[in-house]
Amino acid sequence: MMLFENNYYRTSDYLLDIEFLFVDLGTSTGWRIYILSDIDYKQIASSRSDSITTIHRLTESNRDVLRKINTFQRNKGRTVSDFTPIHYICWKHKIDSLERAREIAKTWSEITAYYIRYGGDFESIQPKLKRKGIIRL
């Protein structure tokens, strides 16, 4: 049985409402944070990159996981194609708890909103938002 949680996060500046699906993929992989919302990275400046490396997203390639996520979305009444890529937050360490996954989703969301508004890169944005008390990680 796969453990999961479907949740939303609204950024502190109200720019983004992002839907996430937190999925526990087991002891070796840990939790993964899937991004179910389409995010318009160019809504403020057309020069913003939406390259997956710039915005710290990876694309799920496990067919079984993709099938399960697409089934979940269809059960919520969404029309999804089996060929639509599913992205998840790029995090270099194993995420070992749902609470940690929620905090990472918050951090990623706030950095993403800042990036959309002002540009920069995640590595320089993160300490700014941490100093302001917006994020903890």
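Just a few scattered comments:
- Yes/no for D50 being closer than 24 Å to H93 by Cα, among the acidic types (D, E) and assigned to a loop (DSSP other than H, G, I, E, B): yes
- Top-ranked residue in region 72-85 [being in contact with a Leu (Cβ under 8 Å, 6 or more places away or on another chain) and either at pLDDT 90 or above or assigned to a strand (DSSP E or B) (or both); ranked as nearest to I39 (Cα to Cα)]: Q73
- Residues satisfying the stated conditions in region 86-102, i.e. closer than 15 Å to D24 by Cα and either in a helix (DSSP H, G or I) or touching a residue at least 40 places away in the same chain (Cβ under 8 Å) (or both): Y88, I89, W91, K94, I95, D96, S97, L98, E99, R100, A101, R102
- Candidate set from region 97-137 (those that are of a type in the set (D, E) and in contact with a Ser or Thr (Cβ under 9 Å, 6 or more places away or on another chain)); member that is surrounded by the most Cβ atoms within 10 Å (Cβ to Cβ): E110
The values are calculated or read from the model by the stated rules, or taken from the named source; none is laboratory data. Just so you know, these numbers come straight off a predicted model, no measurement behind them. Neighbour counts are summed over all protein chains in view; Cβ atoms, including those assigned to glycine, are modelled from backbone coordinates with ideal geometry.
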